[in-house]
Amino acid sequence: MTGGKFTYGQMADFYGGKPMAVKCIEVPDGFLKDREVTFDRQKETFRIAPLSQRQEQKQQGRQEPERNDAPKRRNGMKI
């Protein structure tokens, strides 16, 4: 994993099987961006997958909050 440092707790969770979102990871074929890495304790292998749609939405929501320009309603009537 490149670019970022992780805490002891994050690494303990990761090697315990909890997925970790990473911005960039180096693999033999080059670099992959915005991935989710999981460690399988039984097989002792890593699984790299694109970030889930839910995590991508969270990241987009942090960058630019959604605006609701719809008229507000009170008791079913426009105000």
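Among the residues of the stretch 46-65, is any at pLDDT 90 or above and open to solvent by 90 Å² or more (accessible area, probe 1.4 Å)?
Taking every residue of the stretch 46-65 in turn, at least one turns out to be at pLDDT 90 or above and open to solvent by 90 Å² or more (accessible area, probe 1.4 Å).
LYS5 passes all but one of (1) surrounded by 10 or more Cβ atoms within 10 Å (Cβ to Cβ); (2) within 18 Å of the chain's Cα centre (by Cα); (3) modelled with pLDDT of 70 or more; which number fails?
Evaluating LYS5 over (1) surrounded by 10 or more Cβ atoms within 10 Å (Cβ to Cβ); (2) within 18 Å of the chain's Cα centre (by Cα); (3) modelled with pLDDT of 70 or more leaves (1) as the failure.
What are the pairs with Cβ atoms under 8 angstrom where one residue, in the stretch 15-29, is within 11 Å of ILE48 (Cβ to Cβ) and the other, located anywhere, is among the aromatic types (Phe, Trp, Tyr)? Sequence gap at least six, or different chains.
Once the first residue is within 11 Å of ILE48 (Cβ to Cβ) and sits in the stretch 15-29, its partners that are among the aromatic types (Phe, Trp, Tyr) give MET20/PHE6; MET20/PHE14; ILE25/PHE31.
Has the stretch 15-36 got any residue that is modelled with pLDDT of 90 or more and assigned to a helix (DSSP H, G or I)?
Yes: the stretch 15-36 contains one or more residues that are modelled with pLDDT of 90 or more and assigned to a helix (DSSP H, G or I).
The values are calculated or read from the model by the stated rules, or taken from the named source; none is laboratory data. As the structure is a prediction and not an experimental result, all values here were calculated from the model. All Cβ positions, even for glycine, are placed from backbone atoms using ideal geometry, and neighbour counts span all protein chains on display. These accessible areas exclude ligands, DNA and RNA; they are computed on the full protein's heavy atoms, side chains included. Shrake-Rupley method; radii C 1.70, N 1.55, O 1.52, S 1.80 Å.
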